[in-house]
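First up is the structure itself, then whatever we jot down about it.
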Amino acid sequence: MQLIRRFAGARLLAPLALGLVVAACDGDEEPSTPSTITAVTASPLTGRAGDTVTVTVRVAASNSRPLGGQTVTFAVGGGGGSVVTASAVTSETGDATTRWRLGNTIGVQTLNATVGTLPALTISANVSAGLPAAVTVSAGNAQTGAAGAALPVRPAVTVRDAGNNPVAGVQVNFQVSQGGGTIPGGTILTDAAGVATGPQWTLGPTAGEQRLTATVLASGVTGNPITFTATATAGAPAALTPVGNTQTQTATAGSALAGANLPAVTVRDAAGNPVQNVAVTFAVTGGGGTGTGLTATTNAQGVATIGGFTLGNTAGPNTITATAQGVTGAATFVITGTAGAAASATIAGGNNQSVRAGGTLQVGPSVRVIDRFGNPVAGVTVNFVVTGGGANVLGATQTTNAQGIATVGGVTLGATPGTATIEARVAGVTAPVIFTAIGLAGAPASITLVRGDSLTVQAFQRAATPFTVQLRDSAGFAVRNATVTFAIAQGGGGTLSATTTAATTTTVTATTDSTGTAQAFYTGTGVIGTTTVTATAGGLPPVTFTVTTVPNTPATVTAVTPTNITATIGSVIAAGPTVQLRDAAGQPVPGVPVLFNVIGATSVQFPVDTTDANGIASAGSWQLGGQAGEYVVSAVVSYSGVIGNNPIRFTANAIAVPTNVVIAKSAGDAQAAPAGSVLPTQVAVLVTSGGTPQAGITVQFIASGDGTATPLTAQTDAQGIARVSWKLATAPGANSLIALVSGSNANVTFAATGQ
């Protein structure tokens with residue numbers, strides 16, 4: 001009724017609204033339908049996995065009045081767990097309470113509360129791990145390590161709650177329980193993964209099983225404490241020593257060591273215990289030997305042995321070093337290779353000596369005895385036996401020394417000049433070693449001609465018979481190893497050589513052989529005629545030989561100068577028709593007449609020219625006639641045999657000089673150079689007619705003093721240019737060179753200065 005009175009004074013309310021309020025109040029009823037459901041318990045809750053927490057919610061009507069008697073249903077939304085009371089009725093205060101057993105899931109869990117048709121109210125809980133319930137090994141169990149060494153993996157355990165969730169912040173104590181090892185003290189807290197990793201575990205010095213316990217400082221923990229085991233092996237390798245007598249021994253060079261003699265080492269730790277499974281490397285460091293199985297692993301006794309070893313072929317020390325992983329220093333083995341059985345013998349000295357017949361050799365013959373690898377063998381018996389010629393041997397039986405050498409006591413040759421042979425017969429060696437010694441005659445007393453006089457040889461050919469002389473001493477014995485000099489004395493032609501393959505000179509020396517003879521070979525040159533050669537030895541009168549060089553057989557003739565030229569009428573061709581004659585081997589043929597005939601003219605005739613030492617014959621300068629036209633010269637070799645290209649025809653095309661020809665300087669005027677030298681720039685003239693360059697015009701060059709132009713005449717080329725080189729006069733001063741066109745008055749003068 002108060003509500004009505006409250007609104008009675010509200011005169012501005014609409015009649016409809018007033019009616020509704022009155023209607024409501026007339027029944028005097030409160031709202032009874034749930035309008036809201038809210039959490040009385042704080043949300044989110046906090047708890048550990050598996051904990052049971054109390055949850056209270058409040059249901060109210062639309063006017064916020066708590067509603068009692070309302071049934072609230074509770075159901076787990078996420079994260080597991082359960083509710084102790086699935087539904088509860090609200091009290092007069094509108095509160096409904098249940099017990100929520102949290103699930104084992106770490107993180108956020110949810111509980112839904114529903115009433116009537118209202119949307120579910122979600123209550124959340126932040127869940128952490130539960131109490132420690134079990135402990136297990138995480139890492140570091142059942143390791144194996146060297147005694148006294150730190151194990152590589154630190155021991156670790158994992159602590160979990162009843163829901164198998166890792167529990168952080170749990171105290172775990174690690175302590176050595178057996179074997180005398182050490183681990184730093186202290187308590188370790190588990191990390192977010194529930195893992196507690198202990199300090200590094202250092203094994204005790206005793207080999208065998210060692211133990212460590214990890215204790216969780218909490219009650220009711222399954223598996224607590226955890227026991228870790230480790231197997232302690234021998235300590236780290238600290239030293240290696242050679243085994244038995246394998247360090248120093250002797251064997252035959254090139255042989256393989258027997259198994260018991262193969263180098264081996266024992267590896268031990270610092271306490272002297274053998275260490276197994278250590279890698280040992282053997283290296284051949286001297287002597288040239290070869291090894292196999294150079295990397296070995298120690299056995300249970302700590303011993304490692306090289307796979308095999310063959311000594312080097314050279315006698316002497318073979319060295320092997322052994323190093324072990326982790327061990328400072330090395331073990332060294334020395335196997336001394338000794339020479340094997342005698343296999344062969346060679347001359348060591350005293351061979352091929354020469355003394356006067358009846359004399360004693362300066363050096364006693366000696367042999368060197370070696371095994372199959374070339375090592376000297378000591379203690380071998382050698383017998384020296386004379387097998388040819390006259391000689392006496394002293395101390396014929398000898399024994400090789402440390403260098404494998406045995407030397408005869410002495411050798412005296414017989415009185416007659418000649419060769420003596422001595423065999424060295426070596427015990428155990430099949431083939432003997434043979435020495436020769438020569439008993440020499442006295443000083444040369446005579447020199448006689450044996451053969452080679454009055455020879456005839458073709459030019460550039462070697463005489464088939466050598467000049468040969470013989471030397472004898474006063475007793476008539478042939479004198480060997482004496483020097484004979486052969487020299488060309490007269491004639492100037494030919495060369496000499498000591499053998500058929502030696503270089504040729506005008507003087508050679510030769511040494512007499514065992515018969516006292518010496519020889520020299522003669523080769524003709526292009527000089528035709530007789531040559532005198534002498535052979536001399538010491539102060540003895542010379543022996544004289546004569547040899548006549550005759551022309552070799554011509555085979556071909558070729559032109560040296562052009563066979564077809566063009567020049568102006570009346571010109572002088574300085575380099576007239578020239579030919580060269582050669583034999584089948586390409587050598588020049590000297591001494592053969594060549595006839596140069598002018599074809600078509602009976603009154604002009606060149607003289608006959610004979611080929612010179614280079615096989616060349618020339619008609620000399622050739623002056624063309626005063627009429628334009630073709631002039632021909634035929635070069636005919638006067639020889640009865642067949643000669644290729646014989647005769648050769650030379651043709652000159654004589655052209656008339658234009659009446660208005662002009663000659664002008666083109667290059668090389670006003671130069672200066674040392675007197676007697678060739679000017680650096682060639683002199684050149686330009687010949688034209690009516691302004692057009694003229695080809696084939698002969699230009700003659702005349703130098704002043706003793707200067708020269710090369711060539712004296714030159715023909716203009718297609719551009720009307722003719723060039724020559726100008727050599728200045730030998731006296732310093734002014735020089736001149738006149739260039740004129742043959743058959744005309746056209747000329748020009750060049751000037752130069754000789755310095």
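The values are calculated or read from the model by the stated rules, or taken from the named source; none is laboratory data. All figures in this text were calculated on a predicted structure; none of them were measured in a lab. Neighbour counts run over all protein chains shown; Cβ positions are idealised from the backbone, glycine included. These accessible areas exclude ligands, DNA and RNA; they are computed on the full protein's heavy atoms, side chains included. Shrake-Rupley method; radii C 1.70, N 1.55, O 1.52, S 1.80 Å.
Quick look at the values:
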{"item": "Which listed residue is among the polar types (S, T, N, Q), crowded, with 17+ Cβ neighbours inside 10 Å and closer than 30 Å to Ala168 by Cβ, from Thr233, Thr227, Thr215", "result": "Thr215"}
{"item": "Residue in the range 539-546 that is in contact with a Gly (Cβ under 8 Å, 6 or more places away or on another chain) and modelled with pLDDT of 95 or more present", "result": "yes"}
{"item": "From the options Thr295, Thr285, Thr328, residue that is more than 30 Å from Asn375 (Cα to Cα), surrounded by fewer than 18 Cβ atoms within 10 Å (Cβ to Cβ), of a type in the set (Val, Ile, Thr) and in contact (Cβ under 8 Å) with a residue 12 or more places away in the chain", "result": "Thr295"}
{"item": "Residue within the range 494-505 that is open to solvent by 20 Å² or more (accessible area, probe 1.4 Å), at pLDDT 95 or above and not polar (S, T, N, Q) present", "result": "no"}
{"item": "Selection status of Gly254, small (Gly, Ala, Ser), closer than 30 Å to Gln276 by Cα and open to solvent by less than 40 Å² (accessible area, probe 1.4 Å)", "result": "no"}
{"item": "Complete set of residues in the range 599-626 that are out of contact with any Pro (no Cβ under 9 Å at 6 or more places or on another chain) and open to solvent by 30 Å² or more (accessible area, probe 1.4 Å)", "result": "Ile599, Gly600, Ala601, Thr602, Ser603, Val604, Gln605, Pro607, Ser621, Gln623, Gly626"}
{"item": "Output for the range 236-246, where each listed residue is closer than 30 Å to Thr314 by Cβ and either surrounded by 18 or more Cβ atoms within 10 Å (Cβ to Cβ) or of a type in the set (A, V, I, L, M) (or both)", "result": "Leu240, Val243, Thr246"}
{"item": "Counted residues, the range 414-435 - those being buried (at least 19 other Cβ atoms within 10 Å of the Cβ) and among the hydrophobic types (A, V, I, L, M, F, W, C)", "result": "7"}
{"item": "Which listed residue, of Val543, Val533, is within 60 Å of the chain's Cα centre (by Cα) and farther than 30 Å from Ile697 by Cβ", "result": "Val533"}
{"item": "Close pairs from the range 523-542: first under 12 Å from Thr456 (Cα atoms), partner basic (Lys, Arg), Cβ under 6 Å, at least 6 apart", "result": "Thr523/Arg462"}
{"item": "Residue within the range 377-390 that is outside any loop (DSSP other than H, G, I, E, B) and free of Cβ contacts under 8 Å to residues at least 24 places away in the same chain present", "result": "no"}
{"item": "Residues of the range 718-743 that turn out to be within 16 Å of Ser571 (Cα to Cα) and among the small types (Gly, Ala, Ser), as a count", "result": "4"}
{"item": "Of all residues in the range 479-493 being surrounded by fewer than 19 Cβ atoms within 10 Å (Cβ to Cβ) and over 54 Å from the mean Cα position of the chain (by Cα), the one that is modelled with the highest pLDDT", "result": "Ala487"}
{"item": "Gly586 free of Cβ contacts under 8 Å to residues at least 12 places away in the same chain and on the phi > 0 side of the Ramachandran plot", "result": "yes"}
{"item": "Test: residue in the range 578-594 that is modelled with pLDDT under 95, assigned to a loop (DSSP other than H, G, I, E, B), open to solvent by 40 Å² or more (accessible area, probe 1.4 Å) and farther than 30 Å from Ile488 by Cα", "result": "no"}
{"item": "Elements of type strands (runs of 3 or more DSSP E) contained in the range 134-207, each with 3 or more residues being touching a residue at least 24 places away in the same chain (Cβ under 8 Å) and surrounded by 15 or more Cβ atoms within 10 Å (Cβ to Cβ)", "result": "134-139, 143-146, 156-160, 171-178, 195-197"}
{"item": "Criterion: surrounded by 17 or more Cβ atoms within 10 Å (Cβ to Cβ) and farther than 22 Å from Val572 by Cβ - qualifying residue of Gln671, Gln715", "result": "Gln671"}
{"item": "Selected residue (criterion: surrounded by the fewest Cβ atoms within 10 Å (Cβ to Cβ)) from residues of the range 32-52 that are among the small types (Gly, Ala, Ser) and over 28 Å from Asn104 (Cβ atoms)", "result": "Ser32"}
{"item": "Tabulated pairs, the range 441-463, first within 18 Å of Ala535 (Cα to Cα), second in a strand (DSSP E or B) and basic (Lys, Arg), C-beta under 7 angstrom, 6+ apart or interchain", "result": "Ala445/Arg472; Ser446/Arg472"}
{"item": "Unique match (being at pLDDT below 95 and over 30 Å from Thr495 (Cα atoms)) among Gly404, Gly379, Gly350, Gly388", "result": "Gly388"}
{"item": "Residue within the range 552-561 that is within 30 Å of Val741 (Cβ to Cβ), open to solvent by 50 Å² or more (accessible area, probe 1.4 Å) and either without any contact (Cβ under 8 Å) to a residue 40 or more places away in the chain or part of a strand (DSSP E or B) (or both) present", "result": "no"}
{"item": "Selected residue [of a type in the set (A, V, I, L, M) and open to solvent by 30 Å² or more (accessible area, probe 1.4 Å)] from Val678, Val687", "result": "Val678"}
{"item": "Residues of the range 536-551 satisfying the condition of being open to solvent by less than 30 Å² (accessible area, probe 1.4 Å) and part of a loop (DSSP other than H, G, I, E, B)", "result": "Ala537"}
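Residues are listed down the side, and each one gets a yes or a no for (1) at pLDDT below 95; (2) out of contact with any strand residue (DSSP E or B) (no Cβ under 7 Å at 6 or more places or on another chain); (3) farther than 22 Å from Gln623 by Cα:
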site	(1), (2), (3)
Ala667	no, no, yes
Ala672	no, no, yes
Ala684	no, no, yes
Gly690	yes, yes, yes
Gln694	yes, no, no
Ala714	yes, no, no
Arg723	no, no, no
